[in-house]
Amino acid sequence: MRFSLLKSLLSFSISLLYAQGIETNLDKEYLFSSPAITECKTPPSSPEEIRASRNIVDSWIAQNRDRPDEPVYIRVAFHVIHASNGTGNISDESIYEQFDWLNIAFAPHNIFFSVDTINRTENDDWFNSWYGQDAWPGMQELAIDPYHYLNAYSANLWIDGIDANGWAYLGQAYPPANYRQSINLAYQIVQYGHDTAVHEVGHHLGLDHTFEGDCSNPNDGIDDTPQMHSDSNQSCNENQDSCPNDPGNDPVHNYMNYSDNSCRDEFTPGQDVFMSAIIDNNHPGYLENVPNYPTLYVNELSYQMIQMEMVFSSW
């Protein structure tokens, strides 16, 4: 296990800032300078599956009424699948920075991530065919405690036949401890500032695409994400209304569509409640996790607190 003190303190300080309602004032031009998402290969949900998910959420709302205040701590087991020539063998640094980015995106929703384990597997076949049932043998072999851990995999998803930045299964698709509970990322986009992992974790926590079913009911099953058509899902135009017979303009700023990184910066309150319900119902092990705070070491008489002062200097 490896934790950079500065990065751990940064993620921890972000959680404290949001808990106290303090703006982080992050430079969005820098954060969104990485490539845009091209395609997500998460299997589409049928209208019946979306209605079943909505029933889970409605039942949860009837019992809970509101989102709990307690934070959710998701521990991550990251699996680097790479080729025998070293292609795809991404650095630890890029993985930690990717989840620093997730912590920024999910902090307003009281969900926090901690990379607990990174392992590496050399397998040319897995590297070039990591999708759907072809990935299941590798998942069965590599998955670590899916009940408590988010298992994340990187491989060559840009290869012909997959052509995706990422994919996942919805959290409600399989039992909590099933090895297929995961997110899967193209190795090229595992980096700070890229929203594919945010998008795929949204699927893992129960969210469909905002353009699911185009302009037909039940769409994504969430009331405050206006219906939009998949033909228009890469636009940043706030005035776009690809489903004119339904209320509201397209949710171009939502993480669960395909608009550019520079546009996507939000989950709606309805999506927040949806994720809470799916975590409670389909990822209960996440609720058992405790925060993984950084360890501060004493070096003779110097307490090495300079980095902490840097992180909290804006308070």
Take D58 and R120, extend 7 Å from each Cα along the Cα→Cβ direction, and tell me the distance between the two endpoints in nm. 5.1 nm
Could you list which residues have their amide H under 5 Å from that of V115, counting only those 5 or more apart in sequence or on another chain, with H placed in the peptide plane? V76
Probe 1.4 Å, protein heavy atoms only - accessible area per residue of the stretch 119-169 in square angstrom: 43 Å²
If each part is reduced to its alpha-carbon centroid, the stretch 93-155 and the stretch 161-211 end up apart, in Å, by 9 Å
Estimated FRET transfer efficiency when R0 is 30 angstrom, pair I159-C236 (beta carbons, to 0.05): 0.60
Sticking with the crude label model, points 7 Å out along Cα→Cβ, report the distance from E288 to E141 in nm, one decimal please. 2.8 nm
Can you compute 3J(HN,Hα) from phi for each residue in the stretch 208-214, using the Karplus curve 6.51 cos²θ - 1.76 cosθ + 1.60 with θ = phi - 60°, rounded to whole Hz and x for Gly and Pro? 8, 5, 5, 9, 4, x, 6
Report ³J(HN,Hα) in whole Hz for each residue of the stretch 167-173, in order, from the Karplus equation J = 6.51 cos²θ - 1.76 cosθ + 1.60 where θ = phi - 60°; Gly and Pro get x. 6, 7, 9, 4, x, 8, 7
With x for Gly and Pro, the residue-by-residue ³J(HN,Hα) of the stretch 183-198, computed from phi through the Karplus equation 6.51 cos²θ - 1.76 cosθ + 1.60 at θ = phi - 60° and given in whole Hz, is 10, 9, 10, 5, 4, 5, 10, 7, 6, 5, x, 9, 8, 4, 5, 4
Residues whose placed amide H lies under 5 Å from that of Y169, excluding near-sequence neighbours: S182
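The values are calculated or read from the model by the stated rules, or taken from the named source; none is laboratory data. Source: prediction; values computed, not measured. All Cβ positions, glycine included, derive from the backbone under ideal geometry; neighbour counts span all protein chains shown. Only protein heavy atoms, including side chains, enter the accessible area calculation; ligands, DNA and RNA are left aside. Shrake-Rupley method; radii C 1.70, N 1.55, O 1.52, S 1.80 Å.
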